[in-house]
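Below is one structure, written out as structure tokens; comments come after it.
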Amino acid sequence: MSGPSPVAVEQPDSFAFAGAHADAAEKAVARYPEGRQASAVLPLLDLAQRQHGGWVPRAAIEHIAGRLGMAKIRVMEVATFYTMINLAPVGTFHLQVCGTTPCMLRGAGEVFRAIRDEVGIGPGETSGDGMFTCSEVECLGACVNAPMVQVNDDFVEDLSYENFAGVLRRLKNGGDLPVGSLAGRHSSEPEGGALTLTDVPVPVRFDPAAVYGMGNGSAPAVAAGAVDAPVRPPALDAPRGGKADPLTGIKGLGPKIESALHGIGIYHFDQIAAWTSGERQWVGDALKLGGRIERDDWGRQAAALAEAGEGGT
Ligand code: FES
């Protein structure tokens, strides 16, 4: 396994939890009974890392050891065991590429190739502009959507050379990180849509502030589950020829949703068939449809209905 450089050469002189991180550390320690405070070592390491800009300095190890009544080497053992704890600075985007068997068989090598081509780094390296660090890690538990990469706190799944190169270009240009499956899956359902669970929530971005009860979250907004950012699709003022298509012919689209679609200027099958992934995302968000548009493949259904002449115009 490779990762960022093991321990930073340049170290701050001191470390202490401050502000919201101090409160969160207090709460984490208080969760455990007297004499078992060492159980809080991982949350404290994580909080120290978040406070210190993505890595844990030696002074934080010492501070945590003192706080929990542990030997420094015990805290260091934990910090070096878990790849999510960085002991040296990492880039703005830490690309933790899963290299374990399912991801490796499904194309983790292509993901590494995309990182090399787009950012010019390999495992254990940070780009010259400090924007990206690449690490190879072991299974992150998203094998069903392999290959995958954890970028900072979030998973990006169902990767290929092309789509992950696109993600990297997007991040380089200041765009949002798409999270979840880039193949349109909303969870781990089969490709082509869920067969059993039919109301699967779209992926949401990890929010450490919520986990630690720290008030305002620091995670920026994301475009969930799609590479394209949500964007409103082209609308009509009224149905062409004064007659809307019977949109309820699309499986999963009932009269209530049809009426809501009319309200945003969508009247015809060909409009729905032409939506981009960003437009599907926008409509799903605006009408609170969860993953219904992708799950029931409205685009394909609408295209077939339009071609079959089921429309009113
Ligand atoms: S093998 Fe990659 S997430 Fe499990």
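Using the Cβ of Tyr212 as centre and a radius below 10 Å, the other residues enclosed give a net charge of -1, where K and R count +1 and D and E count -1. Contact order for the chain, expressed relative to its length and based on alpha carbon pairs under 8 Å spaced 6+ residues apart, stands at 13 percent.
Under a Cβ-Cβ cut-off of 11 Å, what is the net charge of the residues other than Asn163 that fall near it, where Lys and Arg count +1 and Asp and Glu count -1?
Working: positive: Arg169, Arg170; negative: Glu110, Glu157, Asp158, Glu162.
Net of charged neighbours comes to -2.
Summed over qualifying helices (DSSP H, 4 residues or more, each -39500 (n - 2.57)) and divided by its residue number, the chain shows a 222 nm mean residue ellipticity of -10500 deg cm²/dmol.
Once backbone amide H atoms are built at 1.01 Å from N, Thr100 has Cys139 as its partners under 5 Å, excluding neighbours fewer than 5 places away on the same chain. Lys-Lys pairs in the chain that are eight or more residues apart or on separate chains and whose Cα atoms lie under 30 Å of each other come to 6.
Antiparallel as a % of all DSSP beta bridges within the chain, to the nearest 5? Let's see the in-between values first.
Numbers: 8 of 18 bridges.
Around 45 percent antiparallel, to the nearest 5.
Close amide H contacts of His94 (hydrogens built in the peptide plane, cut-off under 5 Å, sequence separation of 5 or more or a different chain): Thr133, Asn152.
The distance from the alpha carbon centre of segment 160-180 to that of segment 277-293 is 20 Å, rounded to a whole number. Per residue, the average separation of C-alpha pairs within less than 8 Å and at least 6 apart gives segment 240-307 a relative contact order of 38 percent. Computed over neighbours whose Cβ is under 14 Å from that of Val111, the net charge equals -4, Lys and Arg +1, Asp and Glu -1. When only the Cβ of Lys, Arg, Asp and Glu is charged (+1, +1, -1, -1), the dipole of the chain relative to its Cα centre reaches about 460 debye.
No value in this document is a laboratory result; all are computed from the given coordinates. Small disclaimer: the values here were computed from a predicted structure and weren't measured. As a convention, Cβ positions derive from the backbone with ideal geometry for all residues, glycine included, and neighbour counts pool all protein chains shown.
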